[in-house]
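See structure below.
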Amino acid sequence: ARTYPFYGTAEQAGIRTPPQRHIVFMTFDLVSPQRADLQHLLARWSAAAAQMMKGGAIGRIEPARPDAVGLDTGEALGLGPAALTVTFGLGPAVFSDRYGLAAQRPAGLRPLAPLPSDALKPEFSGGDLSVQACADDPQVAYHAVRDLARIARTTGTAATRFAVLGFGRASAGPGQTTPRNLFGYKDGTRNIRGDADFDRFVWIGDGPQGIRGGSYQVVRKIEMHIENWDTDRIGDQNAVFGRFKQSGAPLSGRDEFDTPDFALRDAAGAPVIPPASHVALAAPENNDGVKILRRSYNYTDGINALGQLDAGLLFISYQNDPAHFERIQARLGAADRLSEYVSHIGSAIFFVPPAAPEGSYIGAPLF
Ligand code: HEM
């Protein structure tokens, strides 16, 4: 199993890292107004994440004194690191006078603009801190978030807000075959790859230490109406995405990685890739070259109140300007043929600071 280092890298793991199979994503509300409490929590979280990413426990599971409480909850013992990455994000309210951080606010960090097709529910939205734990073993990812939540609670600094458990990465990373989302389509075919695009579109290139080298994390819980989708005929499904279901090829091509030709017309003069298809609206060719890194996961919440399968996409994107996400989503929400089959029910945004050197903690240069 792979192991990723927590300390000493430029960027936090879990962004450029090839997507693992499982995610547990949780956000927290700060309940302490004390700056020192926030610093202390970030320091404790960093130390714990570093231990867990090595496959270790964060303290004694079975203390010597029988009346003592274990420091680690124990359920990841023996499972190894399982490629665990823990990625921390700071929400807009962290950069306030309350914590003396108003002047440190990263330029792009503000609540997202209201977007067409928003059907946001407060119980799946917002938060002051985010924890993204990804691993190839779901129990390793769950253990990480559980023990971090326990630290937040026992220190009285932060309270849980919302959580999503996801599986079957729905985004391809370098060297991976493209996985599929719950509509059955390959997802991540034209995702960001390569240093040049990471530098241009993902990492914040300027600003003071502690900001530079970070990124913005946009999170959308998107309900997918899979039962309606499953009744739709295949020709229509392909037109919704602008790609073939089985091969993943654009409707203008034959192979998955063929570049979509948005100008190609059929014998009747109609565009072969419909202009209202998902890829036509989202493609950089039609958005002044703008790209975002998608690192999403499928999720299910079981069955809804109507007895229908309740499932969707935990969409997570990383970009060095949240306006890039807003621009694409504004076009998709207004015109995307996919909109008929999805509802955005949750939304949150965080600044993800760069990684910390050993002996320090995430966010330390901001204080
Ligand atoms: C492409 C699915 C939501 C942005 C794709 C592709 C699929 C897909 C199947 C084609 C394969 C690929 O190139 O990755 C979905 C589903 C969604 C969803 C099922 C919701 C449940 C979003 C959202 C955004 C977005 C909210 C951003 C606002 C993109 C972009 C591309 C893409 C930028 C690449 C287009 C290109 O360069 O050709 N998506 N997507 N998607 N999607 Fe989505």
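The values are calculated or read from the model by the stated rules, or taken from the named source; none is laboratory data. Here the structure is a predicted model, which means the values were calculated and not measured. We place every Cβ from the backbone using ideal geometry, glycine too, and count neighbours over all the protein chains shown.
Annotations
- Residue, farthest from Met26 (Cα to Cα), within the range 156-178, restricted to residues that are surrounded by 14 or more Cβ atoms within 10 Å (Cβ to Cβ), at pLDDT below 95 and not hydrophobic (A, V, I, L, M, F, W, C): Gly173
- Sole exception among (1) outside any loop (DSSP other than H, G, I, E, B); (2) under 17 Å from Ile349 (Cβ atoms) for Ala49, by number: (2)
- Qualifying residue in the range 353-365 (condition: more than 30 Å from Val94 (Cα to Cα), surrounded by fewer than 20 Cβ atoms within 10 Å (Cβ to Cβ) and more than 9 Å from the ligand (Cβ to nearest atom)): no
- Filter result for Leu309 (more than 30 Å from Gly210 (Cα to Cα), near the ligand (Cβ under 8 Å from one of its atoms) and over 14 Å from the mean Cα position of the chain (by Cα)): no
- The residues of the range 58-101 that are touching a residue at least 12 places away in the same chain (Cβ under 8 Å), surrounded by fewer than 19 Cβ atoms within 10 Å (Cβ to Cβ), in a loop (DSSP other than H, G, I, E, B) and hydrophobic (A, V, I, L, M, F, W, C), listed by number, are Ile61, Leu71, Leu77, Leu79, Leu101.
- The residues of the range 312-339 that are more than 29 Å from Gly213 (Cβ to Cβ) and either in a strand (DSSP E or B) or out of contact with any helix residue (DSSP H, G or I) (no Cβ under 8 Å at 6 or more places or on another chain) (or both), listed by number, are Gly312, Ala334.
- On inspection, Ser347 does not qualify as polar (S, T, N, Q), near the ligand (Cβ under 9 Å from one of its atoms), closer than 22 Å to Phe167 by Cβ and buried (at least 22 other Cβ atoms within 10 Å of the Cβ).
- Qualifying helices (runs of 4 or more DSSP H) (wholly inside the range 166-283; at least 3 residues being within 12 Å of the ligand (Cβ to nearest atom)): 234-241, 278-282
- Of all the listed residues (Ala49, Ala68), the sole one being out of contact with any Gly (no Cβ under 9 Å at 6 or more places or on another chain), within 24 Å of Gln319 (Cβ to Cβ) and at pLDDT 95 or above is Ala49.
- Subset of the range 151-190 that is touching a Phe, Trp or Tyr at 6+ places or on another chain (Cβ under 9 Å) and charged (D, E, K, R) - its residue that is farthest from Phe241 (Cα to Cα): Arg161
- From Ser343, Ser360, residue being closer than 28 Å to Tyr4 by Cα, of a type outside the set (Phe, Trp, Tyr) and out of contact with any Gly (no Cβ under 7 Å at 6 or more places or on another chain): Ser360
- The residue pairs whose first member lies in the range 200-224 and is under 12 Å from Gly108 (Cα atoms) and of a type in the set (A, V, I, L, M), whose second member is in a strand (DSSP E or B) and within 16 Å of the ligand (Cβ to nearest atom), and whose beta carbons are closer than 6 Å, counting only pairs six or more residues apart or on different chains, are Val218/Ser317; Val218/Ile349.
- Qualifying residue in the range 325-337 (condition: more than 9 Å from the ligand (Cβ to nearest atom), modelled with pLDDT under 95, surrounded by 15 or more Cβ atoms within 10 Å (Cβ to Cβ) and among the charged types (D, E, K, R)): yes
- Check on Ala170, over 30 Å from Asp261 (Cβ atoms) and among the hydrophobic types (A, V, I, L, M, F, W, C): no
- Residue check, Gln308 touching a residue at least 12 places away in the same chain (Cβ under 8 Å) and buried (at least 22 other Cβ atoms within 10 Å of the Cβ): no
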